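Q: Before we start, here is the structure in question, set down as structure tokens.
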Amino acid sequence: MSATGSRGTTPARRHRLGRLLGWKDRRWAAGHELAHAIHGTVVGAAAMAAASLHGTLAEVVVTVLVTVVVYWAAERYAQVLGAAVRGPGRPARVRAALRQGLPMIEAAYTPLVVLVVIALVTGDLRAGVLSALAVATVLLGGLGHVAARRAGTSAVGAVGWGAVSASLGVVIILLKLALH
């Protein structure tokens, strides 16, 4: 086996990309974790766009946090029920089910931090929201690309999947602009 592995990137290059995106070593390593991160980014961005129509910065932040946690809790509840009904070792399965969905919450943090920083620095909630939605769009593109590469897609195919994923962010931005 070559030093680049089956996906054409070296481990060092993948590690640099992970550090650049703020991921800890092996963070969001599994495909389902990337799916949770994409889900959390989309839900957080949509909640941010909707809440910003008539809310203050604090109201937008609380709305995004509560919305993402509610989605996480609903999904985890379903997983916990599935884990709890199967035989011995239930506590360990329940804990594992709760941990698996954390990327949904973690992925929503980055755009939220951008929102708060830009809104506080500029005093303009709209600029903060648009900046945060742009970051969410880039994050979606990156997550889509990484997920595709991890699934064995070619580099060109992964760019396409990244673009499809980022298009969700573009749609949210366009809806935000159309509604405001």
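Q: What are the residues in the stretch 83-108 that are exposed (fewer than 12 other Cβ atoms within 10 Å of the Cβ), part of a helix (DSSP H, G or I) and not charged (D, E, K, R), if any?
A: Within the stretch 83-108, PRO91, ALA92 qualify.
Q: When both residues are 6+ apart or on different chains and their Cβ atoms are under 8 Å apart, which pairs have a first residue that lies in the stretch 66-77 and is without any contact (Cβ under 8 Å) to a residue 40 or more places away in the chain and surrounded by 12 or more Cβ atoms within 10 Å (Cβ to Cβ), and a second that is not hydrophobic (A, V, I, L, M, F, W, C) and not in a helix (DSSP H, G or I)?
A: Taking only residues 6 or more apart or on different chains, the pairs are TRP72/GLY101; GLU75/GLY101; ARG76/GLY101.
Q: Can you pull out every residue in the stretch 31-78 that is of a type outside the set (Gly, Ala, Ser) and outside any helix (DSSP H, G or I)?
A: Listed by number, the residues that qualify are LEU53, HIS54, THR56.
Q: If I ask for residues that are more than 10 Å from ILE38 (Cα to Cα) and of a type in the set (Ser, Thr, Tyr), which ones from the stretch 138-172 would you list?
A: THR153, SER154, SER167
Read-outs throughout are calculated quantities, based only on the coordinates presented, and are distinct from any laboratory measurement. These numbers were taken from a predicted model, which means no experiment stands behind them. Heads up, the Cβs are rebuilt from the backbone with ideal geometry, glycines too, and the neighbour counts pull from every protein chain shown.
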